[in-house]
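Please read the structure below before turning to the comments.
The values are calculated or read from the model by the stated rules, or taken from the named source; none is laboratory data. Please read these numbers as outputs of a predicted model, since none were measured by experiment. Here the Cβ is made from the backbone with ideal geometry for all residues, glycine too, and neighbour counts use every protein chain on show. For the accessible areas, the whole protein counts, side chains as well, though only heavy atoms, and no ligand, DNA or RNA atoms are used. Shrake-Rupley method; radii C 1.70, N 1.55, O 1.52, S 1.80 Å.
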Amino acid sequence: MLRFFRHIRQRLLTDNMFSKYLLYAVGEILLVVIGILIALSINNWNEGRKTRLQDREFLNNLKVELSVDIAALNDRISRYQKINDVIKKTVALFDRGVQDITPEERRVIVAALSQFQILTPINKNSNRNDLVIAQGTIDRIDQELNRSFLTYLEETQTINAAITKLGETLQQLEVFQMHPNVDYNDIDPLADALEFDFGEIYHQRGIRNALQKSFGYRAYYIESMQGKIEDAHNLLAIIDRKLGAE
C-alpha cells in the first residue's frame, strides 16, 4: 500500500503535475488525520467501556455492602428489642412491689440484669470507600447517589459515636448499681448466672433507674438504626435505577 502511494507521488512529480501533487498531499494528510481520529475514538470507546464495567462492579459491590448492613442492623434490632422486652417486664415487676416472684419471673429478671449493659455500635467499616469518594468515583457515577451515600456514612458514624458513649455509661451503671447488689457466678456454669434476693433489690431506685436508662438508650439505638435501614434501602433503589439505565 505504501509503495502504491509512493509510486503515485513519484509519477506526479515526474510529470510536473505540482497542483495535482499538492492536492494529493493534502488528501494523504487528511487520510492520516482521519486514521488518527478513528484510532482515538476506538481507544476512547475502549476506555469508556472499561470505566463502565468498573463502575458496574463497584455499584454491585456497594449493593452487597448495603445488603449486609441491612441484615446486620435487622439482627441487632431484633436482639436489642428482646432485651428491652425483658427489661420492660422487670421494671413492671419492680413497680408491682411484690416480694414473691415465680420461677419464670425470676428468669425474666435474670435476663434483664445480666443483659442491661449490652449496647454496642454496629461494626461497620465506614472508611472502606474513602478512596473512591476521594477520587470522585461515586460523584461521577451519580451525584444523587454520592450525596445520599455520604450522608448515610456520616450519620452512621455519628450514631455509632453516641452509642459508644451510652454503652460506656451502662457499663459504669453495672459496676456501681448491679455489682453491689447482685452476686455473679461465672465460675460454675451449672449455677444461675446471677444470685439475688428480689425482696431486697426490687425497691432500690438505683437498679430501677439503671434499667430505665438502659431501655431508653437501646430504644434510641433501635429507632436510629431503623432510619439507617430505610436510608440503605433508598440507596439500593438509586443503585438499581443506575444499573438498569446502563
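Scan region 189-200 and tell me whether some residue there is of a type outside the set (Phe, Trp, Tyr), open to solvent by 40 Å² or more (accessible area, probe 1.4 Å), assigned to a helix (DSSP H, G or I) and over 18 Å from Ala72 (Cβ atoms).
Checked against the condition, which is being of a type outside the set (Phe, Trp, Tyr), open to solvent by 40 Å² or more (accessible area, probe 1.4 Å), assigned to a helix (DSSP H, G or I) and over 18 Å from Ala72 (Cβ atoms), region 189-200 yields at least one hit.
With respect to Ile70, is the statement that it is assigned to a loop (DSSP other than H, G, I, E, B) and within 13 Å of the chain's Cα centre (by Cα) true?
no
Mind listing just one residue for me: the one in region 104-131 that is open to solvent by less than 30 Å² (accessible area, probe 1.4 Å) and more than 30 Å from Ala210 (Cα to Cα) and, of those, modelled with the highest pLDDT?
Within region 104-131, the match that is modelled with the highest pLDDT is Asn129.
A quick yes/no check of all residues on (1) assigned to a helix (DSSP H, G or I); (2) small (Gly, Ala, Ser); (3) over 22 Å from Leu113 (Cβ atoms):
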site	(1), (2), (3)
Leu145	yes, no, yes
Tyr152	yes, no, yes
Ala162	yes, yes, yes
Ile187	no, no, no
Ser214	yes, yes, no
Ala219	yes, yes, no
Gln226	yes, no, yes
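Consider Asp139 against the criteria (1) at pLDDT below 90; (2) among the charged types (D, E, K, R); (3) surrounded by 15 or more Cβ atoms within 10 Å (Cβ to Cβ); (4) under 30 Å from Asp100 (Cβ atoms): it satisfies all of them except one. Which criterion is unmet?
Asp139 satisfies every listed condition except (4).
Checking the structure you have, find out if any residue of region 161-179 is among the hydroxyl-bearing types (Ser, Thr, Tyr), within 22 Å of Tyr80 (Cα to Cα) and within 25 Å of the chain's Cα centre (by Cα).
For region 161-179, residues among the hydroxyl-bearing types (Ser, Thr, Tyr), within 22 Å of Tyr80 (Cα to Cα) and within 25 Å of the chain's Cα centre (by Cα): present.
Which condition breaks for Lys242 when tested against (1) at pLDDT below 95; (2) within 23 Å of Gln172 (Cα to Cα)?
Lys242 satisfies every listed condition except (2).
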